[in-house]
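Below: one structure, written as structure tokens.
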Amino acid sequence: MELGLIEKREQRFTRADIIRKGIALLVFVFIFAVILKRFNGADTFWKGFRDSYLIWLIIDWYDALVLDCIWFCHSKKVRIPGTEDMEEYKDYCFHIKQSCIGMLLGLHACLAVGVITAIL
């Protein structure tokens, strides 16, 4: 906000934000369930959940370990101008904690993928 890159909001998420993100999540979940069913042969809840969560974990761990801990922590070229002094860029523990939060957030979407896979 101090740099003028983002504007200050009274609410973190507006009703329109929640609706837009909810629709995007439902579309993503449905498409992912169809892909898992058609190409992976996932025909039960557990297979749909397992496959989608494994993909989620691979992406989450790649983001945390390769992108955050290896690339962002060691390269100044990928930093947003004006944020060079942020401690989070060099803090491995911060990136790992965020990855753990991401693992928990993925559970909800992957459970929905499992349900839709079983329904299809």
### Task
Determine whether Phe13 is aromatic (Phe, Trp, Tyr) and at pLDDT 90 or above.
no
### Task
Considering each of Ala16, Ala24, Ala42, Ala33 in turn, give the residue that is of a type in the set (Gly, Ala, Ser), farther than 18 Å from Leu104 by Cβ and part of a loop (DSSP other than H, G, I, E, B).
Ala42
### Query
Counting only residues that are touching a helix residue (DSSP H, G or I) at 6+ places or on another chain (Cβ under 7 Å), in a helix (DSSP H, G or I) and over 26 Å from Val29 (Cβ atoms), which one in the stretch 63-120 is modelled with the lowest pLDDT?
Tyr89
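The values are calculated or read from the model by the stated rules, or taken from the named source; none is laboratory data. Remember, it's a predicted structure, so these values are computed and weren't measured experimentally. Neighbour counts are summed over all protein chains in view; Cβ atoms, including those assigned to glycine, are modelled from backbone coordinates with ideal geometry.
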